[in-house]
Every structure is written in C-alpha cells, then in structure tokens.
Amino acid sequence: MNLMQLRKTISLDDYASFAHLTRAVQELRAEAKMLVPRLKGRRVLMVNSTAQGGGVAEMIPMQILLLRELGLNANWAVIGSDKPEFFKLTKRLHNLIHGEGDPHLSAADKALYDEVSRQNADQLRPHLKPEDVLITHDPQPLGAGALLRKEIKLRAVWRCHIGLDEHPAATRAAWMFLKPYAEPFDHAVFSAPEYIPDFLAGRATLIHPAIDPLSHKNRELHPHKLAGILSNSGMTESDAPVLTSPFPAKVQRLQPDGSFGPANQPDEIGLLYRPVITQVSRWDRLKGFRPLMDGFARFKGCPSGSPNHARHNRRREIVRLVLAGPDPQSIKDDPEGREVLEELRQYYLTLPAACQRDIVLLTLPMESRKHNALMVNALQRCSVVVAQNSLREGFGLTATEAMWKAVPVLGTSACGLRQQIRDGVDGRLVNDPNNPDEIASVLDEMLQRPQELERCGRNAQLRVHSEFLIFTQLSRWLRLLAKVVSC
C-alpha cells in the first residue's frame, strides 16, 4: 500500500480566472461553505488499485487537492499485491460485471480475494480512525474496505465505476461474489441507475465521473504547443525549432512487419493535415477495437460515384484511423492489456497493405503522466472524430474529454456512453458496436456533413460544461459525505 504524495499545482482561483469556469467555482465554494463544517475532524481516504492508467487514477489526485483546498483532510492510497493472480481475478470480475466470461467463481477465488483483502486492510488500518470516511474505488479494494468498516466502525463508501444495464449469468455471478463485501458499506456510488444491484437499492447515489478542464489532458493547446507535443513525442517529424526538449520516452507505432518502431515510420501519420478518426483507450476487448478497424476498412472501400461527392471521396481517400492506448507494461492492475494488444497486432498483419497503411496502432509511454496526458490531448485535438466503440462502457471519460474539446464522438449504445452522448445532438451512437457495416455507414454520414459535425462538437462542449466537469462532481461528493456522516 502506498500513501500518495500530491503536489498542488493549481488552485480554485486559477480555475475562476477563466471566464467560462468562474460561475462553477463560485457555486462549488458556496456549497462547500455549508457542508465542509459537518465533516470537521474527519479524514477522507480514497483508495484504488493503481496510480496511473485509466480514468479513476486520473480523477482522484485533483479531487483530493481541491477537497483539501475546500477545507477537508483528504488523502489517497493505492493498494497492491505481490500476487499477480489477484489482479487477474479482479480483471475477471470486471469482465463478468460487463457480462463477459465464465461465471464460475471458485472457493479458491474467494480465498485469494480474502487473503489479499486482509493484507491490504492491515496496511490501511494505521491511517484510519473510527470517525474517518473511507472511499474505495471498484472491486480491487472492496474487500479491504469491508473488513475495515467492520473492525474500526468508520464510515465507508464504495465507488463502483463499472456496471451493465442487463443481467446475464456472468453479471449475476460477479454481484453474488461481491455482495458480502459490498453489504457492510454505508453507501455506494454508481455512474448510472441501471448499474445498481438490487441488494444496494436505497443506499446508492449517482455521481457521474468528470474531467478537470485545466489538466494536461484537457487544457487548451495553442498551435505551436500542439505542434511541439507531436514533435517531442515522435508522432510527427519536423526540422523546425521546437521550444521544449524531446520527450525521453517516445510513442511507438506498429510496423508492417509486426514490430513496434518510431511513430513517424513507415511514413508520417498526418495528424496536422489529414482527417483523422481516433480512439484512445486501454487495450481491452470490451473497447471494440477490432470491429472499429473492420468498420473503418469498409468505409474506406465504398467511394461514392457521384461527382457531387468528389470532396467527400477525397476525404475518404486520405482519412486515417488511429488506435492508441497506454504501453501495457505500465498498467499493473490490467494484465489483459498485453494479450489484447497482441491480438490486435496479429490481426493487423492479416490486413491488406492498403488497410495497414491507413490504420495506425500507437502505444503511448507512461513514464511521465504529464507527457502521456499531453499526447492524448494532442491526438484528440487533431481528430475530426473521436471514436469510442465500446461493447460495454462504465462511463467513458475519453468520450467526455473529446466532447470538451468540441470534437464530435462516434459512440455506441453502451450505457455509460449514452449517459453523455445524445445521438444526433452531441455526436452519433451505433446500436451494434460489433457490426462493421453499421460503423462504416455512420462514419460515412458523419464525414459527409462537416457543418453537422461542427454543430455536434459545440453541443458536446456545452453538455460537458454543464454536467461533467470536476466542480459538479465535487459538489455531489460533498453532499453525499455530509449525508453519510450524519447517519
């Protein structure tokens, strides 16, 4: 277990200095003035299972820092284990909740989960007192939180970022496994009402995930800064002088021979001048990378014969699909990442040369969180469409990030995405993310209508501003914490 040390780099005054954020900061401060006194003398400890990679690890640090500025004693701890099979089990539970995988969970699985939970509970205990509030994120630290809730009698909240709006056997099996660990908690938090299991009905609250508008991943990038990031990360090649030094770790690109090499080989990706469709996600089968590749290939192969579509045909000719994800070696709590990337690599090698040329697979280094975030920011801002072709999606902050940048999103009917994207208003939704023909058709419709794309982008940015920024999220957390400690 690591108690994370956070360095304050930005304040609420900094946010308030931006005209479009001033009111949101004022409303958050007014709410905190009423609610924070109710939490006086209590420590809030958030616990998850990784310090980097994925939306949870990205959200927590700024939440903690702003809660501190608002007057709370808030901290962040990351659990661990020397048993890799524990993270294989929790990844399996993640997939089962999403309706995927073998629903049989054995006594040995429970024994492993209990053993690691006990170890983590023992490591967390010295940092907690009965009057404190423990917030555990997702299934990995859930068991440890249940033990601490029983033994210290503190207040405990389980924040579950995943779920499914259906109830297949796999999902039911996961909830049956997790039920004894979730029941001791005072309250639970989910991202959609459809995700709440029956045994938590009546003591669960909805809080949408949110983005930090001034983070390295979401802040505005002026043209010279954008070009510098692409150059420093190796995603473009330029002899022009760049203000900042090259990043120590560069983006790697899948090559036609199956190896990974420099991102600007065998040719320029074309991020600054080609139309680009981008999906940035963890390497996860549920993210729908392969059907997106197939849908894009079909879109590329169906030019219109009408002379009125000459411009669109040219767009179709030069457009590229960029699939990007973190270097899987750096994500300790997601052992499937390497397997999924290898599957995509093998599939890529079976594609015709023309498809390989226009489908770009990138691995983004994680040695520097700042550099990684800037790379994602630059990729999204260089895109005419950001895709999130998820078969299942707890929420999908990559979609939120693109919407904030006024980039229209091609999403799916996965529950988390339809919490955000209104079809035809903020972007488009495909009904079946496994259907390449539907993906190709929707891509064709989107790219044929540039003015419609711009309108969707503006609507998307307004939606994020009103619903999915960190200030709204913190207001809802303050209300919940005040409620939990008053019970």
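I'm trying to understand the selection: among the residues of the range 161-186, which are in contact (Cβ under 8 Å) with a residue 40 or more places away in the chain and within 24 Å of the chain's Cα centre (by Cα)? Those that are in contact (Cβ under 8 Å) with a residue 40 or more places away in the chain and within 24 Å of the chain's Cα centre (by Cα): H161, I162, G163, L164, D165, E166, A170, T171, A174, W175, L178, A182. Got at least one residue in the range 378-401 being crowded, with 24+ Cβ neighbours inside 10 Å, charged (D, E, K, R) and in a helix (DSSP H, G or I)? Within the range 378-401, one or more residues are crowded, with 24+ Cβ neighbours inside 10 Å, charged (D, E, K, R) and in a helix (DSSP H, G or I). The number of residues in the range 143-158 being without any contact (Cβ under 8 Å) to a residue 60 or more places away in the chain and under 22 Å from G55 (Cα atoms) comes to 3.
Would you confirm whether any residue within the range 414-427 is over 17 Å from the mean Cα position of the chain (by Cα) and buried (at least 22 other Cβ atoms within 10 Å of the Cβ)? Yes; the residues of the range 414-427 include at least one that is over 17 Å from the mean Cα position of the chain (by Cα) and buried (at least 22 other Cβ atoms within 10 Å of the Cβ).
For the range 242-292, filtering for residues that are within 21 Å of R320 (Cα to Cα), of a type in the set (A, V, I, L, M, F, W, C) and not in a loop (DSSP other than H, G, I, E, B) leaves 7. So, in the range 52-91, of the ones that are among the polar types (S, T, N, Q) and in contact (Cβ under 8 Å) with a residue 60 or more places away in the chain, which residue ends up nearest to D212 (Cα to Cα)? Ranking the qualifying residues of the range 52-91, first place goes to Q63. Restricting the range 103-133 to residues that are hydrophobic (A, V, I, L, M, F, W, C) and under 18 Å from K153 (Cβ atoms) leaves a set whose member that is farthest from the chain's Cα centre (by Cα) is L128.
Among residues that are within 18 Å of the chain's Cα centre (by Cα), under 30 Å from L70 (Cβ atoms) and in the same structural domain as A32 (by TED's automatic domain parsing), Q461 is not included. Checked against (1) touching a Phe, Trp or Tyr at 6+ places or on another chain (Cβ under 9 Å); (2) outside any helix (DSSP H, G or I); (3) closer than 27 Å to L364 by Cβ, L45 passes all but a single condition, namely (3). In the set K91, K33, K110, only one residue is farther than 18 Å from V133 by Cα, assigned to a helix (DSSP H, G or I) and modelled with pLDDT under 95; that residue is K91.
Scanning the range 203-242 for residues that are farther than 29 Å from L21 by Cα and either of a type in the set (A, V, I, L, M, F, W, C) or touching a residue at least 12 places away in the same chain (Cβ under 8 Å) (or both) yields R203, A204, S231, N232, S233, G234, M235, T236, E237, A240, V242. Surrounded by fewer than 24 Cβ atoms within 10 Å (Cβ to Cβ), in a helix (DSSP H, G or I) and either at pLDDT below 95 or in contact with a strand residue (DSSP E or B) (Cβ under 6 Å, 6 or more places away or on another chain) (or both), is that true of E438? Considered against the rule, which asks whether it is surrounded by fewer than 24 Cβ atoms within 10 Å (Cβ to Cβ), in a helix (DSSP H, G or I) and either at pLDDT below 95 or in contact with a strand residue (DSSP E or B) (Cβ under 6 Å, 6 or more places away or on another chain) (or both), E438 comes out as yes. Quick check on E115: is it modelled with pLDDT under 95 and either farther than 30 Å from S11 by Cα or of a type in the set (S, T, N, Q) (or both)? For E115, the condition - modelled with pLDDT under 95 and either farther than 30 Å from S11 by Cα or of a type in the set (S, T, N, Q) (or both) - is not met.
V116 fulfils the conditions (1) within 20 Å of Q473 (Cβ to Cβ); (2) touching a residue at least 24 places away in the same chain (Cβ under 8 Å); (3) assigned to a helix (DSSP H, G or I) except for a single criterion, (1).
The values are calculated or read from the model by the stated rules, or taken from the named source; none is laboratory data. In this text the structure is predicted, and so the values were computed from the model without any measurement. Neighbour counts are summed over all protein chains in view; Cβ atoms, including those assigned to glycine, are modelled from backbone coordinates with ideal geometry.
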